[in-house]
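These notes are about the structure you will find just below.
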Amino acid sequence: MSNDISTELLKKYIDGECTDEEALLVKEWYASFENDDDHISALNEEDRAKLESLMLSNILNNIQPEKHSTKLAWIKTVYFKTAIAAAILIAAGLFVVNKRVPHSEAQISLINRTRSIYKQILPDGSIVWLSPGATLLYPNNFSGPSRLVHMKGECFFEVTKDIAHPFIINSGSIITKVLGTSFRVRDFDNTHKAEVSVITGKVSVSINNRQSAAAESGTQEVMLYPAQKASFIYTKHQLVAGKETDEASVRMWYKTKLSFENTSLRNIISILNKKFSVDIKVDNEKLNDNVLSADLADFNLPEILEVFKKSLGVNYVISGNTIYLTDQVIGN
């Protein structure tokens, strides 16, 4: 094994700020772990899976968005090896595991540090929409019996159907399991409630094991269908299922059947506000004079906003139920 290198140098390497000589030092250091002993080769497959899930949860729980960043979003690969002796350096959002693993076992960590919704396509074709501040951790390839991802914050999922490989989301306090459907998950560290709202298909929601130990007698798992919601109440350690009452908050994810021909942005915004129960505003009245022709059938609101960005050259900021369109560059 080569000598250790500084955290500052690793940070520079992750940020792409190394000189050629510094980059070579990092690569040589990383390659030095190639022949290290595997300290858990004696573990059975089930124990390895449990260890991996625990370590990934710990990594995700320590991911913190950097303030005042000018980057729209960042993705980095965390090379993961299920080894008890693996040393994870956590410094200012930096995660380094000192074990080399096959490319298929790499874990990709994503934080949405923008003020708009970020779309990410997973290896199986599933789509995840990350709201501002949300985090997602998923494998470079889904190679096991299930498709496991970890998240924090608010994400909307459109899961590719695969009966043989259920899609499982560990969001900290609850576990959501599906075969193929669309739904929203909210699970924040700084609130006292987590929830899942279903748009299409069928979803199973259960209390995470670490929460179950403290749970009172009651429902530990529920099955949800369209227009239903499950909420986990931290203070009572209970999972409650019922009808989705806050319909406006999930309406943006419903697909539209809209089509426009030479229509001003002003009129399009008026229609979208009614359709999705939102309040879209422009910071420059001249934007309203733009004319758009587009077939938006089978689009949800975030997809429509992406159409605006590409066709009209505008950006947007989302704040609760209000969406601001601007022709200016958006900072974070």
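Only the coordinates and a few stated rules stand behind these numbers; no lab work does. Small disclaimer: the values here were computed from a predicted structure and weren't measured. Cβ coordinates were reconstructed from backbone atoms using ideal geometry, including for glycine residues, and neighbour counts include every protein chain displayed.
Key figures for this structure:
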| read-out | value |
| --- | --- |
| Long-range HN-HN contacts of ILE323 with modeled amide H, under 5 Å | ASP279, ILE280, LYS281 |
| Pair ASN321, ASP246: separation of 7 Å Cα→Cβ label points (nm) | 1.1 nm |
| Per-residue ³J(HN,Hα) for segment 115-132, Karplus 6.51 cos²θ - 1.76 cosθ + 1.60, θ = phi - 60°, Hz, x for Gly and Pro | 10, 10, 8, 10, 9, 10, 9, 8, x, 8, x, 5, 10, 10, 9, 9, 6, x |
| Given charges at Cβ of Lys, Arg, Asp, Glu: segment 250-326 dipole, positive-most of ASN273, SER259, SER293 | ASN273 |
| Amide N proximity, segment 123-157 versus ALA106 label position 7 Å along Cα-to-Cβ, cut-off under 12 Å | 139-141 |
| Those residues of segment 247-279 whose amide nitrogen sits under 11 Å from the label point placed on ALA297, 7 Å along Cα→Cβ | 257-259 |
| Number of Lys pairs (Cα under 19 Å; 8 or more positions apart or on different chains) in segment 250-326 | 9 |
| Contour excess over end-to-end distance, with Cα ends at THR263 and SER311 and 0.36 nm allotted per residue | 15.9 nm |
